[in-house]
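Each remark here refers to the structure printed beneath this line.
The values are calculated or read from the model by the stated rules, or taken from the named source; none is laboratory data. Only a predicted model underlies this, so the values are computations on that prediction, with no experimental measurement involved. Neighbour counts run over all protein chains shown; Cβ positions are idealised from the backbone, glycine included.
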């Protein structure tokens, strides 16, 4: 089959969207990721968005590379690499013409994705209802339905509270103390002590809330707003987790893969069961 007949475009290159891209790429689908000019991904060690800053990254054996032209993105996708292209205004879609669009930006609201964007449109998590702005929704809330492909209805609403890890929930997330420029002082994967300085925003310190491992932090030099999420500390202290795709991202990626395969099968058999 011509690889462009199964081309998948993923909007967003954060850790969940990267889990999707990883699953699809490993299953043989050509993938293109679109991102902002200054991505705000936190778990950058497992985010293809980091290619915008670094030029090229590798996550669990799958390479991603920044490109500036759609023609280059199409060529790389056919070769097995995951191209990451800046597409702030969404105009690249018309030139890419993918088989499937996956909105993995995790904005909790729909930022403009439509049913007409591609033959198959999939939304991740809150903000999407199957049949309204997408054909299928993938559940991103931890628990029994995580990763489920939903063809009728919506994903669970946003709880506004991160899932608890070893008794820590909202307190494990780092927030910008003020608006300004983020200056990162510790690296992802480093062990940190409670109260230790991890970064600063225009002189205001960002401290570790407790001892653990710095699992994610936004890119140095990013312009942030007051209260913005800029990182997280994992109390489990397992450094390897910082550099491996999470169970949640893999489950969501599996849901997307199921939805795409079910849709392809439906074209041959006449409907999704």
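Tabulated results
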item: Unmet requirement for residue 142, which otherwise passes all of (1) at pLDDT 95 or above; (2) in the same structural domain as residue 19 (by TED's automatic domain parsing); (3) surrounded by 13 or more Cβ atoms within 10 Å (Cβ to Cβ); result: (1)
item: Filter result for residue 198 (touching a strand residue (DSSP E or B) at 6+ places or on another chain (Cβ under 8 Å) and either modelled with pLDDT of 95 or more or not assigned by TED's automatic domain parsing to the domain that holds residue 104 (or both)); result: yes
item: Close pairs from the range 2-31: first modelled with pLDDT under 95, partner surrounded by 24 or more Cβ atoms within 10 Å (Cβ to Cβ), Cβ under 8 Å, at least 6 apart; result: 3/30; 3/77; 4/30
item: Qualifying residue in the range 226-233 (condition: outside the structural domain of residue 122 (by TED's automatic domain parsing) and either part of a helix (DSSP H, G or I) or more than 19 Å from the chain's Cα centre (by Cα) (or both)); result: yes
item: Test: residue in the range 222-229 that is surrounded by 15 or more Cβ atoms within 10 Å (Cβ to Cβ), in contact (Cβ under 8 Å) with a residue 12 or more places away in the chain, touching a helix residue (DSSP H, G or I) at 6+ places or on another chain (Cβ under 8 Å) and on the phi < 0 side of the Ramachandran plot; result: no
item: Flag for residue 261 being in the same structural domain as residue 25 (by TED's automatic domain parsing), out of contact with any strand residue (DSSP E or B) (no Cβ under 8 Å at 6 or more places or on another chain) and touching a residue at least 40 places away in the same chain (Cβ under 8 Å); result: no
item: Long-range neighbours under 7 Å by Cβ, at least six apart or interchain, first residue touching a residue at least 24 places away in the same chain (Cβ under 8 Å) within the range 178-193, second surrounded by fewer than 16 Cβ atoms within 10 Å (Cβ to Cβ) and part of a strand (DSSP E or B); result: 178/204; 181/223
item: Condition check for residue 216: within 22 Å of residue 48 (Cβ to Cβ) and either touching a residue at least 24 places away in the same chain (Cβ under 8 Å) or out of contact with any helix residue (DSSP H, G or I) (no Cβ under 7 Å at 6 or more places or on another chain) (or both); result: yes
item: Selected residue (criterion: surrounded by the fewest Cβ atoms within 10 Å (Cβ to Cβ)) from residues of the range 6-51 that are out of contact with any strand residue (DSSP E or B) (no Cβ under 6 Å at 6 or more places or on another chain) and farther than 21 Å from residue 113 by Cα; result: 28
item: Among the candidates 137, 132, 181, 121, residue that is in a strand (DSSP E or B) and surrounded by fewer than 16 Cβ atoms within 10 Å (Cβ to Cβ); result: 181
item: Every residue from the range 55-74 that is assigned to a helix (DSSP H, G or I) and in contact with a strand residue (DSSP E or B) (Cβ under 8 Å, 6 or more places away or on another chain); result: 70, 72, 73, 74
item: Complete set of residues in the range 236-251 that are outside any helix (DSSP H, G or I) and surrounded by fewer than 18 Cβ atoms within 10 Å (Cβ to Cβ); result: 236, 237, 238, 244, 246
